[in-house]
Amino acid sequence: MNVLEYLGNSYNKDTQSFDAEAARKESYENKPKLNIVLFGATGVGKSALVNAMFGKNIVESGVGKPITQFLEKVEIQSKGLMLWDTKGIEAKDYDNTRNMLVQDIEVGFQNAFDTQDDDQAPHVIWLCIKESSKRIENREYDMLSIAKKFGIPTVIVFTDTQFEEGDSFFETAKRNLDAQYKAIIKNRYVRVNSLPYKKLGMQVPTYGLNELLKLTENCLFEGKSNASQQRMKKYAEALRMAQEVNMKMQLNAIIKSAESKVSALKLVAKAISSLPTPVLATVLNKKLIYMINDDFGINNDEDHIKKLTVEVVEIASLKSNFILTKILFPISMLDNFRAMQTTQCLGSAYISLLTEYYNQETGHCILPRQQAIPLAFFKFNFEEDMKEAQLKKGIFKFL
Ligand SMILES: Nc1nc2c(ncn2[C@@H]2O[C@H](COP(=O)(O)OP(=O)(O)O)[C@@H](O)[C@H]2O)c(=O)[nH]1
Ligand SMILES: [Mg+2]
């Protein structure tokens, strides 16, 4: 990849500046899109479940688009999530709509698979059954037959679980569903409570969500889907980043993703035959910071974030020029080396900064408006990283 390919649309050649709007679009387009299908009758708790997994009001915040009569796709751009919600599957009169429903959903799925685009296809199904209903209905079997027909790995989620009621329904249901659909369920059954509630004056917390997360990861690694293994790994990473149940897992996934952005820019730096103009170098680094912000869920539109981005890029460019000398190596070699090293140190110092401000309770990264402290933190880390990198290369001793 060369410099201009890396910058893509986010570099405006006319104004020679960074185009944040284009960068946002591009960043969204490049995100792997995890498609989760929510199967289940109206009122079983599909929305509550998704909100518990991916963050409060996530369903309401997404943009819903009807696909067919019974399917709606809710797109959550910031997370690269596509939620396929089933609509209008009512307990009452179900048997009259039965054939219509199956056909309708199958058409929706077939069209999605026909695009041959992995980002458009259903990757995993969460089939929700309200545990308190104590019955498995025809509609559940119908939805499983669709899952089986398309070979989509499925998790059976028992919602609104009340353990006081015992587990006889759960055990019976498992046996009955396994009898016909073991191949796509693969023993992925989980009992969930998506909303804390009060019982006899006691607070009952949410549960089952970590288990659901684990089972969903399993589905993605099953490799039965049409998408390549490599692609499925990307979806699993997207799941880890999007979920808000296990924050340690989320932070690790964010860091991994941000580091891959740094590596990509390093490769660009390695390949350049002459160092880009300072203006272009600034745009390259800005784009990197922009994408790291995006991974951490930081809003690049906010003024203090724009300012911070400008400042860290400037510190990196000033410091890297200052520390290295051009005497020791032929220019081109040194320039590549310097560009790579600056990218590495800028990226890792900035990732450390955001990690510092990432809140492990809420899963959000909030940077203060007052930037003296974050900037000092960044500068210190950047300089230390540069020194260390140069010591390793044995250059520092010549300075
Ligand atoms: N206590 C508790 N209430 C739930 C749970 N899941 C759903 N609900 C409630 O059940 C109702 C229907 O849930 P909703 O998510 O809108 O169902 P949907 O139609 O399948 O999307 C709402 O009032 C939820 O608050 C759960 O796991 N525990
Ligand atoms: Mg709903």
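Derivation of every value follows stated rules applied to the coordinates shown; laboratory data play no part. Since this is a predicted model, take the numbers as computed values, not measurements. Here Cβ is always computed from backbone atoms with ideal geometry, including for glycine, and neighbour counts include all displayed protein chains.
What Kirkwood radius, in Å to one decimal, follows from the Cα pairs of the chain?
Averaging 1/r across every pair of different Cα atoms and inverting gives 23.6 Å.
Taking the Cα centre as origin and putting +1 on Lys and Arg beta-carbons and -1 on Asp and Glu beta-carbons, what dipole magnitude results for segment 31-242, to the nearest 20 debye?
Magnitude of the dipole: close to 460 debye.
Please list 10-21, 291-302 highest first by mean number of surrounding beta-carbon atoms within 10 Å per residue.
Packing proxy ranking, top to bottom: 291-302, 10-21.
With angles folded into 0 to 90 degrees, how steeply does helix 229-242 sit against the dominant principal axis of the chain? Use alpha carbons for both and round to 10.
For helix 229-242, the angle is close to 90 degrees.
Would you mind putting 25-38, 377-390 in packing order, based on average other-beta-carbon counts within 10 Å, highest first?
25-38, 377-390
Gaussian network model of the chain, Cα springs within a sub-10 Å range: biggest mean-square fluctuation belongs to which of L318, L209, L127?
Largest GNM mean-square fluctuation: L318.
Mind pulling the angle between the C-alpha long axis of helix 209-221 and the longest principal axis of the chain? Nearest 10 degrees, somewhere in 0 to 90.
80 degrees
How much FRET efficiency would the formula 1/(1 + (r/R0)^6) give for A183 and Q77, where r is the Cβ-Cβ distance and R0 is 30 Å, rounded to 0.05?
Efficiency, rounded to the nearest 0.05: 0.30.
Of the candidates K198, K174, K306, which one comes out as most mobile in a Gaussian network treatment of the chain with C-alpha springs shorter than 10 Å?
K198
For segment 94-108, just list the computed ³J(HN,Hα) in residue order, Karplus coefficients 6.51, -1.76 and 1.60, θ = phi - 60°, integers in Hz, with x standing in for Gly and Pro.
Going residue by residue, I get 4, 4, 6, 9, 3, 5, 4, 4, 4, 4, 4, 5, 4, 4, x Hz, with x marking Gly and Pro.
Antiparallel DSSP bridges in the chain: what percent, to the nearest 5?
50 percent
Please enumerate, by chain and number, the aspartates and glutamates with C-alpha under 17 Å from the C-alpha of K319, excluding those fewer than 8 residues away in the same chain.
The reachable aspartates and glutamates, counting only those whose Cα sits under 17 Å from K319, are E311, D335, E383, E384, D385, E388.
Regarding segment 171-309, what are the three Cα extents along the principal axes, ordered largest first, in Å?
Largest to smallest, the principal-axis extents are 69, 44, 20 Å.
By how many degrees, 0 to 90 and rounded to 10, does the Cα axis of helix 331-356 deviate from the longest principal axis of the chain?
Compared with the principal axis, the helix lies near 50 degrees.
With 19 Å as the limit, write out which pairs from K31/K256; K31/K261; K33/K65; K33/K186; K31/K234; K134/K174 have Cα-Cα distances beyond it, or answer none.
Flagged as over cut-off: K33/K186.
Which three lengths, in whole Å and largest first, does segment 31-242 cover when its Cα atoms are put on their principal axes?
Computed over the Cα atoms, the extents are 51, 38, 29 Å.
Roughly how many debye, to the nearest 20, is the charge dipole of the chain about its Cα centre, given +1 on each Lys and Arg Cβ, -1 on each Asp and Glu Cβ, and no other charges?
980 debye
Most mobile of R24, R240, R135 per a Gaussian network model of the chain (Cα springs, under 10 Å)?
The residue with the greatest mean-square fluctuation here is R135.
Say each of V63 and D14 gets a label point 7 Å from the Cα, pointing the same way as Cα to Cβ; how far apart are those two points in nm?
2.4 nm
Would you mind giving the three semi-axes, in whole Å and largest first, of the ellipsoid equivalent to segment 67-141 according to its Cα gyration tensor?
Value: 25, 16, 11 Å, ordered largest first.
Run down the aspartates and glutamates and flag those whose C-alpha is under 17 Å from the C-alpha of K182, throwing out any fewer than 8 positions away in its chain.
Straight-distance partners of K182: E140, D142, E171, E222.
As a test of the definition: which semi-axes, in Å, follow for segment 260-305 when you take the square root of five times each eigenvalue of its alpha carbon gyration tensor? Largest first, please.
23, 14, 4
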